[in-house]
1. At R0 = 51 Å, how high is the FRET efficiency between residue A:23 and residue A:279 if r is their beta carbon distance? Nearest 0.05 is fine.
2. Please list B:243-252, B:51-60, A:54-63 highest first by mean number of surrounding beta-carbon atoms within 10 Å per residue.
3. Can you give the average number of partner chain beta-carbon atoms within 10 Å of each beta-carbon in peptide A:295-303, as a whole number?
4. I'd like to compare B:11-22, B:94-105: which one has the highest average count of other Cβ atoms within 10 Å, and what's the full order after that?
5. For chain A, what's the relative contact order in percent, using C-alpha pairs closer than 8 Å and at least 6 residues apart?
6. In nm, what is the difference between 0.36 nm times the number of residues separating residue B:397 and residue B:409 and their Cα-Cα distance?
7. With the contact rule set at Cα under 8 Å and sequence spacing of 6 or more, what percent relative contact order holds for chain B?
8. What's the local net charge at residue A:283, with K and R +1, D and E -1, over the other residues with C-beta under 11 Å away?
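Please treat every number below as a calculation from the coordinates, not as lab data. Please read these numbers as outputs of a predicted model, since none were measured by experiment. Virtual Cβ from ideal backbone geometry, glycine too; neighbours counted across all protein chains shown.
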Amino acid sequence: MTKPAPVYVLGGAQTDFARNWSKEGKHFVAAMREATLGALEATRIEPREVETAHVGNFAAELYARQGHIGAFFLEIDPAFSGLPTSRHEAACASGSIALIAASADIEAARYDLACVVGVEQMKTVNSTVGGDILGTAAWYEREAKGIEFPFPKLFGRLGDEYDKRYGLKDEHLAHISAVNYSNAKRNPNAQTRNWFMSESHAQHESKFNQLIGGRIKVSDCSQVTDGSVALFLASEKFAGAWAKRNGKTLADIPRILGWGHHTAPLEFDTKVAESRDNAYVLPHTRQAILDAFKRAGIASVAELSGIETHDCFTTSEYMAIDHFGITRPGESWKAIEEGVIELGGKLPINPSGGLIGAGHPVGATGVRQMLDCYRQITDSAGDYQVEGAKKFAMLNLGGSATTSCAFIVGK
Amino acid sequence: MANNNKVVIIGANGTMGAGAGCVLAGGGYSVTLLARTCEKAALGFADAQNDARAEAIAERLSVGAYDSDLGRTVGDAAIVFESLAEDLPLKRQFFELIDNSRRPDTIVASGSSGLSIAEMARGRSDSFRRNFLGVHLFNPPQVIVGTEVIPGPDTDPAVVKGVVAMLTKRLGRKVIVSKDMPAFVGNRVGFKVLNETAQLAAEHGVAFIDYLIGPHTGRAMAPLATIDLVGWDVHKAIVNNVHDNCEDEAHESFAMPAYMNAALHKGCLGDKTPERGGFYRRAGKQVFVLDPKTGRHENYQKPAPIEFVEKMKQLHRVGRYGEALKILAEAGGADADLCRRVVLGYVSYALNRVGEVAASSDDVDTIMSYGFNWAPPTAIVDLLGAKNTVAMLQKLKLTVPAVVERAAASGARMFSGGILEYGRTFVG
């Protein structure tokens, strides 16, 4: 791999993921507008400086009967009229694909400043219809059609596969949930920051914590979320000038040090069959992480200060622990028991609260993870700051880990 | 006491008591819910479980009755939270009991929404008065995070500081410190506007006022529907308290409308009396609306659309809040005049409380935004422009608050946040 031009992350903003934009009587463009105007203000970037925009969105066609989402970027500011914009979709990894496309623009020196926006408005429909829409992130006809809440069931099967190969205790999954909820209480934009959660609530099936797909209980799931996130990626030229005018040097500005992007077969059964003889249950996800490490010049996970991972369900975070190499394959439970993943632990996972705690507006999640990595590296994560964070990783998954995108952010 | 995690709630069978129990247990406290009988306290226990949507909250909750358990549990508690009815003699009677049982460093907080903290503490021991303060939560407390802390005349500043830190960090509340004046900051400002709309409904009708001063003017819910939700008895208690005990530029806005007193007399308390209703009454899918002139509920008819209101709603829908307020500023006609009078009246009255009951405009913004889910008044000033706001206030013969005058002179922005903080308060 030849070394491409560096891509700098200049920061951004997100909407409060606790908001219900349908209740506010709003179209998703309002969320895009607030996030982007907030990002411009946070970074002191002028609208006229933006050269291109990449929008990550999963299913506005189904949630809001609206396509052509990239064009909505122009509704944010008159200075954006005429800008080249596009929309990117890879289910829950849509935000990451937008990040990769914007990075490619910068690496290829096509543009010096790109805005990346992730957006999803999901509360336009009830939970059953929403569950069916999410089913289109799987192979709908084969894995989702006519099935109530197909995704908890698919990720329940990920847990079952771990159980079969290595053994899995649900108490470890419950602990993942409790840690994410606890971290979310420190995040002023987290969806669940004022929700009640305790280890014991997450452990037990009850009236308020029912099983909804195999071994997956409500507390194991990320929740239906509305939200938008916007951030800026820049070339060395723009980042240098931007740093100077903000009283900083280029060395102060975080970069995307490495990335990885792999796609696995859509169907969960095919994935599992393919990995039958592999120590890793999801080898393509593992490879995306290794690619990001390699591009970033990182030898192992030990060089990271923390991780923002894709915990759409507790089982996906359980998987991320061994796939990042924190433990040997099948031994994620050890890191959980030893407190490694907790804030203050050796390698905190999801200090933001992750998808379970912070929320999961599908198309915005990858961009939110990148913004949180930026916040950690610039010591601006407030109450969920990992002290002295130098390098942060993110893993964003689409479908049943069909699309895997990993990034390493650092200076 | 540093490691004492025990809280006692007095009046735990009420909505606010149970809600406070849910919030405090959620923050990791071990909470005893007290009521007249254990059976009544058990109702609060069930409510707290429902509020938390978690049966497991039970691990942090216990119940008891005043007669058998108050002395013992208060004697062991770090914090006692009083959530009784808004009845000063009743509260004082309980504070005496608490004073007799508490440890010297037990903090005692009243959840009153506007009664005098000084009066409640009068006659109590020195150590009680040093550790006593108001903690005003808004309903429902597990959802609405705005919170007022009200020190009494003898409250130890260190206690205030500690309680504010606990509420903010441990319980995730948005906290302001208010002066001990009737209705404090939130209800003083909020109920001025609510009662003013109730007064206007006498002439213009309920449905029309709720449409004209609806969510597009920067509020989660239309004002008269809000009074129904709060309860007419609570509304009356709050506006009467301010009317009787405050002389300010909006004194007459706190006069309870005669038609409301008459309906109250017949038992119309709003949503809590569904069979009698309040401004609205629902029977199945049918909605009836009160005619203030006759006192009868008639079939609800949607008011005819008003052009500037519809334009504002469309602009809020796509996140163009500043342009929506420009429409409000420039619209012609009597309806627009009326709408401006209420919205600018809110800005004027709210920001004129700075230096009186509120310490800063940031505090007014915080409590109106997180206690009422209303647009922060300074955000409205910024969106209209401070100079333009001054001109509009003068035209309406409303007091121009000193803080707005200063902003108009300096050109400085007033609201401390940005669109991400105020956007949610404008509803399309």
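1. 0.65
2. Those peptides, ordered most packed to least, come out A:54-63, B:51-60, B:243-252.
3. Other-chain Cβ atoms within 10 Å of each residue's Cβ, averaged: 0.
4. Peptide ranking by packing, descending: B:11-22, B:94-105.
5. 25 percent
6. 2.4 nm
7. It comes to 12 percent, rounded to a whole number.
8. Overall, the nearby charge balance is +1.
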